[in-house]
1. Kindly check whether there is at least one residue in region 106-126 that is under 37 Å from the mean Cα position of the chain (by Cα) and under 27 Å from residue 273 (Cα atoms).
2. May I ask you to say which residue of 222, 208 is in a strand (DSSP E or B) and either free of Cβ contacts under 8 Å to residues at least 12 places away in the same chain or touching a helix residue (DSSP H, G or I) at 6+ places or on another chain (Cβ under 9 Å) (or both)?
3. Give the residues of region 155-193 that are part of a loop (DSSP other than H, G, I, E, B) and without any contact (Cβ under 8 Å) to a residue 12 or more places away in the chain, sorted by residue number.
4. I'd like to know if region 357-374 contains one or more residues that are free of Cβ contacts under 8 Å to residues at least 60 places away in the same chain, in contact with a strand residue (DSSP E or B) (Cβ under 8 Å, 6 or more places away or on another chain) and closer than 25 Å to residue 313 by Cα.
5. Taking residue 475, is it touching a strand residue (DSSP E or B) at 6+ places or on another chain (Cβ under 8 Å) and over 30 Å from residue 353 (Cβ atoms)?
6. What residue, of 392, 403, 456, is surrounded by 14 or more Cβ atoms within 10 Å (Cβ to Cβ), closer than 26 Å to residue 231 by Cβ and touching a strand residue (DSSP E or B) at 6+ places or on another chain (Cβ under 9 Å)?
7. What residue, among those in region 365-379 that are outside any strand (DSSP E or B) and modelled with pLDDT under 95, is surrounded by the fewest Cβ atoms within 10 Å (Cβ to Cβ)?
8. Kindly evaluate residue 251 against the criterion of being out of contact with any strand residue (DSSP E or B) (no Cβ under 6 Å at 6 or more places or on another chain) and outside the structural domain of residue 75 (by TED's automatic domain parsing).
């Protein structure tokens, strides 16, 4: 059997927001022989230079600007050095918004409008303005030799780019440098208008060093579906999947299961720049084969997906779901406990039966042992209603994830992959089956006791021939149907009605158990009755 993952959770005690190390992260010897981010590749090939400390996390997290896009465009067509050395004085009116080293670049672009950088109008360039994926794909297409207005319109930029295999960052209104890195690496495998590989063209022109090579092996691609949003694919666009039963045991798929859901593996893996390399690992299965994982979830294909764009495995059996990077929560499946909610790394989530909707009563030491789960994501598996997952605001102002308004927690003693050690603790902590969970015991308002009502009809000078037996708390309505007035008066003085004319009623509530004998005062010699209260 595969050794169970042992990495401990890092938990900030006494805080509502906790730092949790990915449960079951593989050890170093289980890592792929090569795992590279597009940021690594773009930096190594000189496509991104960075600033100060190079292409680091701080640089990658910055918003991309028009000036950056222009510089990249000049670098790709081999004109950047010429632009940096340009001495022309005619420049855009807002050229002073950039450093002196880049002011010649703007002057060069203004003097060479055929390069497609005419500015933003009114003699302005807007160098710090954010750029969209549509704008950046236009830049790449033009460097591939296609011309705006001749081969495609600006409005068609993303559609035209997709037809040439460029789609990884499509649909983004503003980019970060991490997106530029992926779009640039993606473009290396495209072909120029004259049919030559773009990588070879850049290498021949000296933009890329002669000893460099394209990334080898597999690649995590990004697919787009109207219902699912963005999901993982292989380099050929085939969808990848998670299996909920792997939360308990990563070898859950065996035999015929593996025939229908083949494993995904390659010793060399390239990933988009915005994904974390530490989230990818390799496991060795019980049969000795290796499999790539993401956030502890082994990755699979589905045999019925016949072409790129197919996601027919989504939701199959309620246990197979498209692999994604942005799940707010995931589903795990236990042989004994059934389905339950996990975080995106497969760690079990719990509810506290003393909580009420929108409010956590777990504070202090409780919160040390049961850290609050928080997430900024909103994506959920397709069998879960998205509107069921939300957030509450805790007493200290921090946010906590919730299902149907009820807070979600970790358990500090869940230390290994598949642990459900919090289930049933003190009869108040439980895992969450999203299909069955409807709230906590504390949230259920006790039902008002049902008050029964009985009727005693006064007819023909009689309360009836039988004693009336009722439950404590019941009401008895006396109604007179005779022409003569009657009343009902208890012999022990516990109740009495006024004299009732024909058609009038009077209600008496009997709260205490006992036997109550009563009579009609005007006709006490023969009008008597009895009520027995249980």
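The values are calculated or read from the model by the stated rules, or taken from the named source; none is laboratory data. All of these numbers come straight from a predicted model, not from anything done at the bench. Positions of Cβ are generated from backbone atoms using ideal geometry, with glycine treated the same way; all protein chains shown enter the neighbour counts.
1. The first filter runs over region 106-126 and keeps only residues under 37 Å from the mean Cα position of the chain (by Cα), leaving 126.
In the following step, the residues that additionally are under 27 Å from residue 273 (Cα atoms) were identified as 126.
For region 106-126, residues under 37 Å from the mean Cα position of the chain (by Cα) and under 27 Å from residue 273 (Cα atoms): present.
2. Details: 208 fails: in a strand (DSSP E or B).
The conditions single out 222.
3. Restricting attention to region 155-193, the residues satisfying the condition of being part of a loop (DSSP other than H, G, I, E, B) are 163-175, 189-190, 192-193.
Selection gives 163 alone.
4. There is no residue in region 357-374 that is free of Cβ contacts under 8 Å to residues at least 60 places away in the same chain, in contact with a strand residue (DSSP E or B) (Cβ under 8 Å, 6 or more places away or on another chain) and closer than 25 Å to residue 313 by Cα.
5. Numbers: touching a strand residue (DSSP E or B) at 6+ places or on another chain (Cβ under 8 Å): yes; over 30 Å from residue 353 (Cβ atoms): yes.
In short, yes.
6. Details: 392 fails: closer than 26 Å to residue 231 by Cβ; 456 fails: closer than 26 Å to residue 231 by Cβ.
Testing whether each residue is surrounded by 14 or more Cβ atoms within 10 Å (Cβ to Cβ), closer than 26 Å to residue 231 by Cβ and touching a strand residue (DSSP E or B) at 6+ places or on another chain (Cβ under 9 Å) leaves just 403.
7. Initial filter on region 365-379 (outside any strand (DSSP E or B)): 365-371, 373-378.
After this cut, where a residue has to be modelled with pLDDT under 95 as well, the list is 375-378.
Numbers: 375: 18, 376: 9, 377: 15, 378: 14.
Across region 365-379, the extreme among qualifying residues is 376.
8. Working: out of contact with any strand residue (DSSP E or B) (no Cβ under 6 Å at 6 or more places or on another chain): yes; outside the structural domain of residue 75 (by TED's automatic domain parsing): yes.
Yes: the conditions hold for residue 251.
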